[in-house]
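Below is one structure, written out as structure tokens; comments come after it.
Nothing in this text is a laboratory measurement; each read-out follows from the coordinates by a stated rule. Quick caveat, the model's predicted, so the values are computed rather than measured. Note: ideal-geometry Cβ built from the backbone for every residue, glycine included; neighbour counts use all protein chains shown.
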Amino acid sequence: MTGAGEVSGAGEVSGARRATGARRAPAPPAPAPPAAGRAPRHRPWWTPYLFLAPGLVTVTLFSLWPFVNTVVLSLTDARILRGGHFVGLANYTRALADDDFWAATANSVLYLVVVVPALVLLPLALAVLVQAKVPGIGLFRSAFYTPVIASAVVVGLIWQWVLRSDGLVNTVLQRLRVISEPVPFLTDSRLLLCSAMLVTVWKGLGYYMVFYLAALANVPASLYEAAALDGAGAARRFFSVTVPQVKPMMLLVGTLSAVSALRVFTEIYILGGESGGPGGGARTLPFLIRQVGLGFAGETGYAAAISVLLFLLTLVFSLLGRRLSKGDDA
Amino acid sequence: MTPSHLTRTGIAVLAAAVLATVPGCGLGGGPGQGEDATRTGRVAGTVTFRTLQLKPVHTGYVQGVIDAFEKKYPDVKVVWEDVPGDGYNEKLVADAQAGALPDVVNLSTDSFQLLGDRGMLADVARLDPEAARDYVPGAWEQFKLPGKGQGVYAYPWYVTPEILTYNKELFAEAGLDPARPPTSVEEFFDQAERIAARSGGRYAAFMADPKGRLPGDWQKMGIPLLNDARDRFVFDTERAVGWLTRMKDLYAKGAMPKESLLKADDVNQLYGSRKLVFGPGSPGFVKDVKRNAPQVYAGTQVAPAVTGSLGHIGIYAQSLGIKRTTEHLDAALEFAKWVTNGPNQVAFARRATIYPSNARGLDDPYFSDRGDGTDAETVARAVGAEQLRTAQLDANTPVEWTNQVGDAVVREVQKAITGEQDPRTAVRRAQQEANRLLAAANAGGR
């Protein structure tokens with residue numbers, strides 16, 4: 001049929017109707033076939049956009065618009081309950097000269113550097129362990145997934161009681177005479193950051209384990225059998241078969257956990273209070289944005305500028321993951 | 001024009017429209033615009049009324065007050081909206097920016113100061129000069145604003161004065177006389193040091209919580225916060241350095257739970273499990289202890305708040321502000337006065353652990369009855385009411401001490417307490433940062 005390839009869906013449907021009609025007598029006069037080179041009748045070009053409209057409108061209103069608004073606000077000196085004036089890049093130059101901004105950036109990047117490798121490797125190891133088909137393994141899978149469904153606030157409070165100066169860890173260590181003074185897990189900025197990382201990793205283990213379980217299910221058993229026949233041991237099979245097969249998933253987990261790590265807030269807020277640790281020493285970028293932008297004296301413009309810088313930082317790490325992923329495909 | 005061309009054009013137009021409308025969101029002029037409402041003498045119209053987290057516990061009480069008002073003024077319709085505490089201020093800010101404040105709105109101290117400072121509240125002293133005599137003078141004065149003369153920008157509603165609560169058993173165990181609680185900040189620190197020395201690490205004296213202690217402690221100690229022009233902080237003094245040095249020393253000696261430095265600790269849990277001698281200075285806390293830890297409640301003693309040499313106490317005040325541009329000013333004023341009148345405030349205080357700001361309400365015998373002096377909740381009620389009548393109530397946090405200023409000061413104080421920097425440097429840096437924030441705020445009309 002002429003032109004069917006151009007508008008396949010419409011052409012097939014109309015063709016089917018014609019065929020059905022042709023079996024019935026008396027046959028109506030068949031429409032004239034389209035002249036060669038003339039476009040067939042089809043739906044208006046904007047039909048797909050009509051279907052996309054609800055999603056597009058939602059994204060525009062609740063993602064695109066706020067994002068563009070944030071960029072515009074970042075170029076002003078807007079404050080809570082006060083209109084702003086255009087100040088160019090002043091907020092950005094202020095941020096780049098602000099010690100608090102650099103300290104928060106360093107904390108965010110440190111968080112990422114520690115948490116991402118842990119969340120790429122540990123859930124994989126866990127997934128390999130619970131992949132085994134042994135009786136009762138479902139219980140372990142569920143147990144490892146439990147922290148994911150637990151509320152972040154509840155998890156934070158539990159860890160607070162575990163790590164506080166008179167909490168479980170310090171009490172046990174003191175009773176065992178390992179330490180004489182409590183370790184300031186929550187009242188020292190560096191240790192507080194480490195404690196928050198621990199909670200993030202603990203909470204993310206089960207979540208990313210499920211990703212890896214899905215990836216492992218797709219690894220052909222024949223590869224393991226061939227490797228075993230060639231004399232490969234468990235470790236060799238893991239590094240030479242499992243890791244290459246789940247590498248795309250590792251890159252995905254790496255990218256997702258990197259984005260999450262840069263947005264971390266809850267763990268530090270619950271463990272370290274609203275100041276973000278003593279002297280605000282454990283503040284990350286989202287924490288700083290909240291402190292600067294909220295409240296009745298909130299500096300909306302400056303907070304927006306830090307948000308845009310955080311976005312750019314996230315973009316860099318996302319692109320890095322994408323590049324690694326492409327290199328892997330090549 | 002081809003479809004793809006049309007698509008691109010459409011997307012470009014959409015993007016341009018988004019960009020063109022963006023400045024309307026978050027930017028533009030300030031919200032304190034519009035004509036002042038004027039009195040007409042006719043109490044009528046629909047009045048919107050917003051309260052702070054009174055549903056569902058106090059639904060019956062508030063609805064009863066509204067119903068009685070509507071019965072008295074049949075031409076008035078009150079539309080009540082209750083908003084939870086979390087996000088209350090954010091919603092106020094959003095509504096103020098959109099020009100959609102309710103006609104009568106429940107304000108806490110900080111939201112009152114902000115909305116009043118931005119010119120969004122009606123001056124009730126000018127519109128209703130007779131009202132002043134109905135309220136406790138200290139409470140009425142609370143709602144004046146610096147630089148705005150004799151104007152009063154909200155009707156005082158319920159108030160909660162600061163009191164002192166402590167575990168008298170642990171107090172005695174530390175060798176202190178439960179009948180002689182501290183009366184000044186310095187004495188409070190002395191007793192805390194003694195408690196830390198005697199407790200053997202089993203309990204601490206008080207919560208570090210610098211954000212809760214400042215600027216109240218400094219005000220009680222007579223440390224000036226601002227200069228006369230109120231355009232610079234001047235708290236960098238020897239006494240402030242002394243206060244911080246003492247806090248650092250007491251923290252190191254175990255007078256405060258370590259984690260309380262970060263406000264991540266639950267004071268109810270610590271006090272309820274006998275790990276803390278001094279509870280928070282709120283009458284509501286005594287009621288909570290009675291309900292949750294009856295054994296600890298039996299050993300709880302209540303005394304007047306630590307006031308310092310100037311006799312100041314802190315007070316947590318709720319008020320009802322009137323939107324400056326309200327369409328039904330007479331109805332809004334009458335309704336706010338109705339809610340805050342003596343009988344209605346006393347009825348409310350009997351349901352919740354609060355105090356009336358209304359003079360006649362506070363004179364109700366309910367607030368002077370100490371019982372036999374053994375029940376902490378009853379004594380707390382009488383002590384709180386007595387303090388409201390007699391203490392100086394001008395120790396409130398000044399409007400210039402914004403949340404951002406408080407956070408900045410607390411960060412430096414925390415560093416000093418944990419030994420990251422010396423107290424003198426901390427106070428100096430705190431003042432520098434506070435002045436930077438104040439100058440930035442003043443540059444744009446706060």
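Mind checking B:356-362 for the average number of partner chain beta-carbons within 10 Å of each residue's beta-carbon? List each step's numbers first, then the result.
Working: counts 0, 0, 0, 0, 0, 0, 0.
Partner-chain Cβ atoms within 10 Å, mean over residues of B:356-362: 0.
With +1 assigned to the C-beta of every Lys and Arg and -1 to the C-beta of every Asp and Glu, and no other charges, what is the dipole magnitude of the protein assembly as shown about the Cα centre in debye, to the nearest 20? Intermediate values should be presented prior to the final figure.
Values: 77 positive and 70 negative charges, 554 e Å.
That gives the protein assembly as shown a dipole magnitude of about 2660 debye.
The charge dipole of the stretch A:90-329, taken about its Cα centre with unit charges on the Cβ of Lys, Arg, Asp and Glu (plus for the first two, minus for the last two), comes to roughly 500 debye. For the stretch B:349-424, the ratio of Cα radius of gyration to the globular rule of thumb 2.2 N^0.38 Å stands at 1.68.
Taking a sphere under 13 Å around the Cβ of residue B:48 and counting the other residues whose Cβ falls inside, with K and R at +1 and D and E at -1, yields a net charge of -2.
The modelled label-to-label distance between residue B:231 and residue A:235, using points 7 Å beyond Cα along the C-beta direction, is 7.3 nm.
The convex hull around the C-alpha trace of the stretch A:127-271, projected and averaged over every direction, spans 11.4 square nanometres.
With r as the distance between the Cβ atoms of residue A:178 and residue A:50 and R0 = 45 Å, compute the FRET efficiency 1/(1 + (r/R0)^6) and round to 0.05. The partial results should precede the final answer.
Values: r = 68 Å, r/R0 = 1.51.
The calculated FRET efficiency here is 0.10.
Bridge orientation summary for the protein assembly as shown: considering DSSP beta bridges with both residues in this region, about 65 percent are antiparallel.
Each 5 Å bin, from zero up to the one with the longest distance, holds this percent of the alpha carbon pairs of the stretch A:63-216: 2, 8, 11, 12, 12, 13, 13, 11, 8, 5, 4, 2, 1, 0.
Across peptide A:159-166, the mean count of Cβ atoms from other chains lying within 10 Å of each residue's own Cβ comes to 3.
How big is the dipole moment of chain B about its Cα centre under a simple scheme where the beta carbon of each Lys and Arg is +1, that of each Asp and Glu is -1, and everything else is neutral? Debye, nearest 20, please. Working shown, then result.
Working: 51 positive and 54 negative charges, 120 e Å.
It works out to roughly 580 debye.
In degrees from 0 to 90, rounded to the nearest 10, what is the angle of the helix B:238-252 Cα long axis to the longest principal axis of chain B? So the inclination is approximately 70 degrees. Rounded to the nearest 10 degrees, the inclination of helix A:243-262 to the longest alpha-carbon principal axis of chain A is 60 degrees. Using the Cβ-Cβ distance between residue A:110 and residue B:39 with R0 = 51 Å, the FRET efficiency computed as 1/(1 + (r/R0)^6) comes to roughly 0.25. Estimated from the Cβ-Cβ distance and a Förster radius of 51 angstrom, the FRET efficiency linking residue B:190 and residue A:146 is about 0.55. Full extension of the chain between residue B:239 and residue B:252 yields a length gain of 2.7 nm, computed as 0.36 nm times the residue separation minus the alpha carbon distance.
By the gyration tensor of its Cα atoms, with a ≥ b ≥ c the square roots of the eigenvalues, what is the shape of the protein assembly as shown: rounded for a/c under 1.5, prolate for a/b over b/c, or oblate?
On the way: a/c = 2.13, a/b = 1.37, b/c = 1.55.
It is oblate, given that a/c is not under 1.5 and a/b is not larger than b/c.
The share of Cα pairs per 5 Å bin across the stretch B:180-239, counted from zero up to the longest distance, runs 4, 15, 19, 22, 16, 11, 7, 4, 2, 1 percent.
Taking all Cα pairs closer than 8 Å and separated by 6 or more residues, the relative contact order of the stretch A:56-196 comes to 10 percent.
Its relative contact order, with pairs defined as Cα atoms under 8 Å and 6+ residues apart, puts chain A at 26 percent.
Would you tell me the mean number of C-beta atoms belonging to other protein chains that fall within 10 Å of each C-beta in B:405-414, as a whole number?
Values: counts 2, 3, 8, 4, 0, 6, 10, 2, 3, 9.
Counting other chains' Cβ atoms within 10 Å and averaging over B:405-414 gives 5.
I want the local charge near residue A:265. Using Cβ-Cβ distances under 15 Å, sum +1 for each Lys or Arg and -1 for each Asp or Glu among the other residues. Residues near residue A:265 contribute +2 overall. For a test of the definition: using alpha carbon positions, the gyration tensor, and the 1.5 limit on a/c, classify the stretch B:239-373 as rounded, prolate or oblate. Here the stretch B:239-373 falls in the prolate category. Using the Stokes-Einstein relation with a Kirkwood hydrodynamic radius computed over Cα pairs, the translational diffusion coefficient of chain B at 37 °C and a viscosity of 0.692 mPa s comes to 137 µm²/s.
Inter-label distance, residue A:133 to residue B:360: 8.4 nm, where each label sits 7 Å from its Cα along the C-beta direction. Could you tell me which of rounded, prolate or oblate describes chain A, using a ≥ b ≥ c as the square roots of the eigenvalues of the alpha-carbon gyration tensor, with rounded for a/c under 1.5 and, failing that, prolate when a/b is larger than b/c and oblate otherwise? It is oblate, given that a/c is not under 1.5 and a/b is not larger than b/c.
Given the stretch A:231-283, report the % of alpha carbon pairs whose separation exceeds 13 Å. Walk me through the numbers on the way to the answer.
Details: 959 of 1378 pairs.
I get 70 percent for the Cα pairs in the stretch A:231-283 exceeding 13 Å.
Taking the 0 to 90 degree range and rounding to the nearest ten, how far is the long axis of helix A:99-131 tilted relative to the main principal axis of chain A, both from C-alpha atoms? For A:99-131 against chain A, the angle is about 70 degrees.
Net charge near residue A:315, counting Lys/Arg +1 and Asp/Glu -1 over other residues with Cβ under 15 Å of its Cβ? Could the numbers behind the result be given before it?
Details: positive: A:263, A:322, A:323; negative: none.
In short, +3.
Ranking B:151, B:106, B:256 by how far each Cα lies toward the positive end of the dipole of chain B (charges on Cβ) leaves B:256 at the top. Dividing the mean sequence gap of close Cα pairs (under 8 Å, 6+ apart) by how many residues chain B holds gives a relative contact order of 23 percent.
Whole-Å semi-axes of the stretch A:177-227's equivalent ellipsoid, largest first, each the root of 5 times a Cα gyration tensor eigenvalue? Kindly include the intermediate steps, with their values, before the conclusion.
On the way: eigenvalues 335, 41, 11 Å².
Working through the eigenvalues yields semi-axes of 41, 14, 7 Å.
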